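Every number here is computed from the coordinates shown, using simple stated rules; none is lab data. Small disclaimer: the values here were computed from a predicted structure and weren't measured. Virtual Cβ from ideal backbone geometry, glycine too; neighbours counted across all protein chains shown.
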Amino acid sequence: MASESMIIDLRRYDIKSASIMLAHAFQAYAPYTFAIPDDERRRRRLPAMMALNVRLGFYYGNAYATSPAMEGVMLTMPYPGGEFTFWRLIRCGMLSLLLSGVATGQKIGLVEETIGIAHEELAPGPHVYVMMVGVDPAYQGRGYASRLFRHVFSFADERHQPVFIDTCSETDVAVYQHLDFEVVDRRPIPHSPLQTTAMIRSAR
């Protein structure tokens, strides 16, 4: 494993490889299996969908990796200032999501709308939002996610800000609780079998 100090900022030419890795990491994540039930179609579509998130983090927030090998990637946004405006989404590739199909876009929209409402209600003040964190399946369980979180916690603690994260995975909830996040909200995603859980690590 690379040394803990080797957390790096993504560079523009890392966007593609980070997107491909995140697509592997999130292939079985419930919101994406809900939006794209067919495994093969989801495998083809996810890299472009992940690229939207990576570009958002790269251009408007922070995008980190555990090393140039991209074992783990984390995308964070500062609040205020990290809002997902229409033009930011267009610049970062939202059209590729629309090309995935109307039904897929509507389902992803339901998830993002519910998460966005909860985020605004529960974290109105300055904070760091962990938009996405993923570890290549080949490297999971080796501490890469924890290294990324510790890096972001250091950033947030310097500013005495809380850290907000959300997930639709109960497995993730347990992992984040181990990292000192507390559950602050659970709510269903309308017209779906999904539930999103919002969690906050308090300011230090």
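Quick notes
- From helices alone, the chain scores -14500 deg cm²/dmol at 222 nm; the rule is -39500 (n - 2.57) for each run of n ≥ 4 DSSP H residues, then divide by the residue total.
- With a simple spin-label model that places each label point 7 Å from the Cα along the Cα-to-Cβ direction, the separation between Arg41 and Leu89 comes to 2.1 nm.
- 3J(HN,Hα) from dihedral phi, the range 126-134, Karplus parametrisation 6.51/-1.76/1.60, rounded to Hz, x for glycine, proline: x, 6, 9, 9, 7, 6, 7, 9, x
- Each label point was placed 7 Å from the Cα along the Cα-to-Cβ direction; for Val184 and Thr171 their separation is 2.6 nm.
- Label-reachable residues, the range 178-192, where backbone N falls under 15 Å from a point 7 Å from Gln106's Cα toward its Cβ: 190-192
- Among the DSSP helices (H) of the chain, those spanning at least 18 angstrom by Cα along their long axis with an average Kyte-Doolittle hydropathy of 0.0 or more are 102-122; this is a geometric and hydropathy rule only.
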